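Input: a single structure, listed below in structure tokens.
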Amino acid sequence: MREYAIAAIPADGIGPEVIAAGLEVLSVLTEKVGGFRLRVEAFPWGSDYYKKHGTMMPQNGLELLRPFSAIYFGAVGAPDIPDHITLWGLRLAICQGFDQYVNLRPTRILQGLSSPLRGCKPGDLDWAIVRENTEGEYAGQGGRAHRGFPEEVATETSIFTRRGVTRIMRFAFKLAQERPRKLLTVVTKSNAQRHGMVLWDEIAAEVAKEFPDVAWDKMLVDAMTTRMVAKPSSMDTIVATNLHADILSDLAAALAGSLGIAPTANLDPERRFPSMFEPIHGAAFDITGKDIANPIGALWTAALMLDHLGEKEAALRLMHAVELVTASGLYTPDLGGTATTREVTTAVCDAIHSAGL
Ligand code: IPM
Ligand code: MG
């Protein structure tokens, strides 16, 4: 029996609701599929922890997480604590501390869902967005001086390193090569940002030589938004900087139906550290505790986690069950329905049990 240790960090907002849904579905799934087990340990870190202890996680938080096979993360943020404290104290601390340099965001239109784009059919939008996750615009370089004075100054410096850009490009080209269309779009802004983004472009062209069978093109980020709306089927794998992909992936999720279904994997492809899996949607305070959060983002995320652990069959079965439910028209309010988190979770568990799976 294969066993994987999972660190669950439900944290804030709707995080605990959707992670509970995900763990319930995973337990039904592992029972049904057999051959492996998940040993889940929950960590009560996040904004409540901060209010009691003054930090988002204990000092030795990373040490505690290190032995785990993967981290299953909910959402972070609270209305009464500044976002940069909650984020840098937990989520970004884990991403950077474990050098999870790939943020992978698959986006497609699940069965039964529809795109707000007129005439966009499910097969027309099937993207894998690769976001650089450790440097770029979110490297955390910069500072503030002369606080409160009229001459106050703040800098936020983007960092692009040859090592950092090369490894994200290699990952993206390799992923593109593994996908049937072997097609990569490199997002850039080298017309206006003439240092970091020019290095980015040069390294893309260098790495491309290692992947002669991958067709690739370059797209300025502003023009990319138009292309995503006007010609979604012209793209497959997409690689972009931390900031650019942050923005484009929200657009992508909305074009695929809802932010509530979108998953993320924060990966250390070299597997030196545990990777972290989280739905994109965030804390969503406005709907916290109402049992209407869409659990599908957390379920698709769980499928990415299983895939990373090598349990590909289980990952496929989970997505199949999710799509049986979306195809049946059982939608939470973000998708225009009236179903609760509980109803969708139960339906996915039933779909896993049902014949044919
Ligand atoms: C995301 C989120 C976060 C990010 C925010 C909350 C900092 O928007 O996962 O895309 O940009 O990393
Ligand atoms: Mg974002």
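Using the alpha-carbon centroid of each, what span in Å lies between the range 204-247 and the range 124-201?
If you average the Cα positions of each part, the centres end up 12 Å apart.
Quick one: which of 69-75, 171-177 comes out on top by average Cβ neighbours within 10 Å, and what's the full order, highest first?
69-75, 171-177
Which helices pass in the chain if a helix is a full DSSP H run, must span at least 15 angstrom along its long axis by Cα, and must have mean Kyte-Doolittle hydropathy not below 1.0?
Details: long enough: 15-33 (26 Å, 0.95); 162-178 (24 Å, -0.38); 196-208 (18 Å, 0.94); 242-255 (20 Å, 0.89); 296-309 (19 Å, 1.31); 312-327 (22 Å, 0.60); 341-353 (18 Å, 0.17).
Qualifying helices: 296-309.
Ranked highest first by the average count of other Cβ atoms within 10 Å around their residues, in what order do 237-243, 149-155, 34-40 fall?
So the peptides 237-243, 149-155, 34-40, ranked by packing, come out 237-243, 34-40, 149-155.
THR155: net charge of surrounding residues, Cβ under 13 Å, Lys/Arg +1, Asp/Glu -1, itself excluded?
Its environment carries a net charge of -2.
What is the spread of the Cα atoms of the range 117-211 along each of their three principal axes, largest first, in whole Å?
56, 38, 23
Within a Cβ distance under 14 Å of ARG144, other residues only, what is the Lys/Arg minus Asp/Glu net charge?
With Lys, Arg at +1 and Asp, Glu at -1, the neighbours total -2.
Would you give the gap between the C-alpha center of the range 269-314 and the C-alpha center of the range 1-21, rounded to a whole Å?
The distance from the Cα centre of the range 269-314 to that of the range 1-21 comes to 8 Å.
Go through 6-19, 253-266 and give me the packing order, highest mean Cβ count within 10 Å leading.
Sorting 6-19, 253-266 by mean packing, highest first, produces 6-19, 253-266.
Within the range 86-162, list the trypsin sites (Lys or Arg not before Pro) lying in a DSSP loop whose Cβ has at most 12 other Cβ atoms in a 10 Å radius.
ARG118, ARG147
Counting only heavy atoms of the protein chains, get the accessible area per residue of the range 126-226 (1.4 Å probe) and round it to a whole Å² value.
Accessible area per residue, the range 126-226: 54 Å².
How large is ³J(HN,Hα) for each residue in the range 4-12, as worked out from phi by the Karplus curve 6.51 cos²θ - 1.76 cosθ + 1.60 (θ = phi - 60°), to whole Hz, x for Gly and Pro?
Ordered by residue, 3J(HN,Hα) equals 10, 8, 10, 8, 9, 10, x, 6, 10 Hz.
The values are calculated or read from the model by the stated rules, or taken from the named source; none is laboratory data. Quick caveat, the model's predicted, so the values are computed rather than measured. No Cβ is skipped: glycine too gets one built from the backbone with ideal geometry, and neighbour counts run over all protein chains shown. All accessible areas refer to the heavy atoms of the entire protein, side chains included, with ligands and DNA or RNA removed. Shrake-Rupley method; radii C 1.70, N 1.55, O 1.52, S 1.80 Å.
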